[in-house]
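The values are calculated or read from the model by the stated rules, or taken from the named source; none is laboratory data. Keep in mind the model is a prediction, meaning the values are calculated, not measured. With ideal geometry, Cβ positions are generated from the backbone for all residues, glycine too; neighbour counts draw on all protein chains shown. Only protein heavy atoms, including side chains, enter the accessible area calculation; ligands, DNA and RNA are left aside. Shrake-Rupley method; radii C 1.70, N 1.55, O 1.52, S 1.80 Å.
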Amino acid sequence: MRNSLYFKGLRLWVQGLLLLALRWAQLKGGFDPETGLARQSVPGIVLAVIVLLLAAAEAALCFRLPGGKGSYPCCFRPMESPDLPLLAAGSLLLGIGSFLLAAAGLRGGGLSTLAIATAAAGIAAAAGILLFAKQTRSGEGRVFPLLPSMLFSVLFLLLVYLPQESNPVLARYYLPVLAAALIACAFYQLTGFSCREASMRWFVFFGDLAVPVSLAALADSTENWGQMLAFAGCAMVLTVFLLLRRAEPLPEPAVETPEETAK
């Protein structure tokens, strides 16, 4: 089972590299250099079709998973030594990317305050993810260390979208905005497991899409290293938690009612 999950993680990254190559080709020749308007682009069309097919395939696969809400210990296996380097690398990329976002915000600009807030949340998220990993190894796994990652993902979505909100060329910016939105949904579900308010079905759906689409969005971030590293870090972190999920969630412990406690 563990080998099949690692194969699935490799599959997501292969999908992401394919989407990255298509997006790179689209950005190189799919837009008029003078007006910025979109041209008829085979890589762009193929990219959009593949993203839609991946979403449909993930929806079909994920609806085979249990739809009820579950807790983290029952839905994920304990973190082991092979999982830690990738999680640490993803957290490091997220932290460095957030630091670069803060540096860009300090240099000024229309969204400097949002950039600094996003950077602060990202640095806290990187530290919180590592703290959460340490807690889960000791059998705890509280919700508080993951809250910064949920806050970061929302601010990051705004930071990616707001500079493009008046751009009439949807093809120019839809992919990074979609990637940031999927990351926000995936981190929301991941955080919810710590308080038994998330569904494995939806976490896998959003996570399986967030990883390849985030890798594809790297092509849009070649001039923004902070954004690029943040996308890469989030993809790595989500990959680790997707690999940690159990094939069959364990039964949830019974919750004692006040009457049973009194007895």
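Can you give me the Rg/Rh ratio for the range 202-255, using Cα atoms for both radii and the Kirkwood formula for Rh? Display every interim value, and only then the final one.
Numbers: Rg = 14.9 Å, Rh = 12.6 Å.
That ratio equals 1.18.
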3J(HN,Hα) from dihedral phi, the range 227-240, Karplus parametrisation 6.51/-1.76/1.60, rounded to Hz, x for glycine, proline: 5, 4, 5, 5, 4, 5, x, 4, 4, 5, 4, 5, 4, 4
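For L53 and Y161 in one chain, what is 0.36 nm times their gap in residues minus the Cα-Cα distance, to one decimal in nm? Each step should come with its number before you reach the end.
Working: separation 108, 0.36 × 108 = 38.88 nm, distance 2.40 nm.
Working it through step by step, the gained length comes to 36.5 nm.
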Against the rule of thumb 2.2 N^0.38 Å, how large the Cα Rg of the range 1-104 comes out: 1.48
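Using a 1.4 Å probe, what is the accessible area per residue for the chain, in Å²?
Details: 12810 Å² over 263 residues.
Accessible surface, normalised per residue, equals 49 Å².
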Förster-model FRET efficiency, 25 Å R0, A21 and R64, C-beta, rounded to 0.05: 0.25
Residues whose placed amide H lies under 5 Å from that of F31, excluding near-sequence neighbours: R39
Global size of the chain as Cα Rg and Dmax, reported in angstrom: 19.3, 77
Estimated [θ] at 222 nm from DSSP helical runs (n ≥ 4, -39500 (n - 2.57)) normalised by residues in the chain, nearest 500: -23500 deg cm²/dmol
In sequence order, calculated HN-Hα J values of the range 56-73 (Karplus, 6.51, -1.76, 1.60; Hz; x Gly/Pro): 5, 5, 5, 4, 5, 6, 6, 6, 7, 7, x, x, x, 7, x, 9, 4, x
Estimated Rh, the range 122-229: Kirkwood, alpha-carbon pairs, angstrom: 14.7 Å
Accessible-area composition of the range 153-225, carbon plus sulfur, in percent [1.4 Å probe]: 61 percent
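From the square roots a ≥ b ≥ c of the eigenvalues of the alpha-carbon gyration tensor of the range 59-206, which class results: rounded (a/c under 1.5), prolate (a/b over b/c), or oblate?
Cα axes put the range 59-206 in the oblate bin.
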Relative contact order (%) - the range 1-135, alpha-carbon pairs under 8 angstrom, separation at least six: 15 percent
Highest average packing first - 232-238, 76-82, Cβ atoms within 10 Å: 232-238, 76-82
12 Å beta-carbon shell around V204, net charge (K/R +1, D/E -1): +3
Karplus-derived 3J(HN,Hα), 6.51/-1.76/1.60, for each residue of the range 179-191, Hz, glycine and proline x: 4, 5, 5, 5, 4, 4, 5, 5, 5, 4, 5, 4, 5
Point-charge dipole on Cβ atoms (K/R +1, D/E -1) for the chain, about Cα centre, debye to 20: 400 debye
Geometric extent, Cα atoms of the range 132-171 - Rg, Dmax (angstrom): 16.7, 51
Cut-off under 5 Å, modelled amide H: who pairs with K69 long-range: none
Shape call, the range 76-117: gyration tensor on alpha carbons, a/c limit 1.5: prolate
